[in-house]
Amino acid sequence: MTNYASVFQNADAVEKYETVTYAPDSYGSAINERQRAYLRHLIKRSFPVRRPVQHDFACGTGRAIRLLHGAVRGAHGYDTSAEMLAKAAEVGTAARLHRIAEDGPVPAPAHEEGPALVTSFRLLLNVDESVRHRLIGFAAQALPDRDAGLLVVENHGNRHSLRHLAARRRSGRRWFAELSHAEVSALLAQHDFEIVERRGFSMFPQSAYARRWARPVARLVDRIAARVPLLSAVAVNVLYVARRHT
């Protein structure tokens, strides 16, 4: 399991994350485009009266905030890495950026009136259980009741995805970190959140996008799958939308 906080204190790692992981025409950027369309539509239909303020936990270089520029009323980004926050500011992330501690009390979200949208991307798989609870505990403060807004969290390694079938051919070798839908649901439930929507954004693994002949097929299928909620059950990359239960 990656130690998120220590990895991204390194400027080279931050630069690679911004320019390689999400390089144009990459696997990451393709998922990014589909998530952007989905999230902006989610905001329109879920917040018809007043746009929410976004609180992005482990915001990194601000990718998830930039996805929603113009769709939210304002944004706050929170991260333990000064290097990540500096890169977020450098690339034009329109948000108030907050450096938070790696441990200790759960950080408090900035106070804002009206509905909130709490987001967290590429974090759950990269940290231990205590940090996962830190994230959801933060979300519970920003969303004290069912009417306060929505939480959106990403699982970029669904244990029941089609990619997982390849693990059987790699017995004894290091495999990707994974979480099941049940594990994510249980984590959220411990903080009084219930999943109200689930959507998958990649049926194919990253290796399919690396093969020139397979990439067009993978892109087409993944675009279709992003519009069919049932296919999230076997998608590699999944977003969960949750509300407080009460």
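Descriptive notes on the structure:
- Any chance Pro48 is modelled with pLDDT of 95 or more and buried (at least 21 other Cβ atoms within 10 Å of the Cβ): no
- Matching option when the condition is modelled with pLDDT of 95 or more and closer than 15 Å to Pro52 by Cβ, among Arg73, Arg99: Arg73
- Residue that is most open to solvent (accessible area, probe 1.4 Å) [pool: residues in segment 117-152 that are out of contact with any His (no Cβ under 7 Å at 6 or more places or on another chain) and β-branched (Val, Ile, Thr)]: Val131
- Restricting Ala235, Ala210, Ala214 to those that are touching a residue at least 12 places away in the same chain (Cβ under 8 Å) and more than 21 Å from the chain's Cα centre (by Cα) reduces the list to Ala210.
- Residue that is modelled with the highest pLDDT, among those in segment 7-45 that are over 17 Å from Phe121 (Cβ atoms) and touching an Asp or Glu at 6+ places or on another chain (Cβ under 8 Å): Ala11
- Residue check for His98: farther than 20 Å from Phe201 by Cα and surrounded by 16 or more Cβ atoms within 10 Å (Cβ to Cβ): yes
Each row is one residue, and each column tells you yes or no for (1) closer than 23 Å to Val131 by Cβ; (2) touching a Gly at 6+ places or on another chain (Cβ under 6 Å); (3) open to solvent by 50 Å² or more (accessible area, probe 1.4 Å).
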residue	(1), (2), (3)
Val53	no, yes, no
Ile65	yes, yes, no
His76	yes, no, no
Ala82	yes, no, no
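- Here the condition is being closer than 26 Å to Val236 by Cβ, free of Cβ contacts under 8 Å to residues at least 40 places away in the same chain and of a type outside the set (Lys, Arg); of Gly77, Gly92, Gly70, it holds for Gly77 alone.
The values are calculated or read from the model by the stated rules, or taken from the named source; none is laboratory data. Being a predicted model, the structure only gives us computed values, none of them experimental. No Cβ is skipped: glycine too gets one built from the backbone with ideal geometry, and neighbour counts run over all protein chains shown. Ligands, DNA and RNA are excluded from the accessible area calculation, which covers all protein heavy atoms including side chains. Shrake-Rupley method; radii C 1.70, N 1.55, O 1.52, S 1.80 Å.
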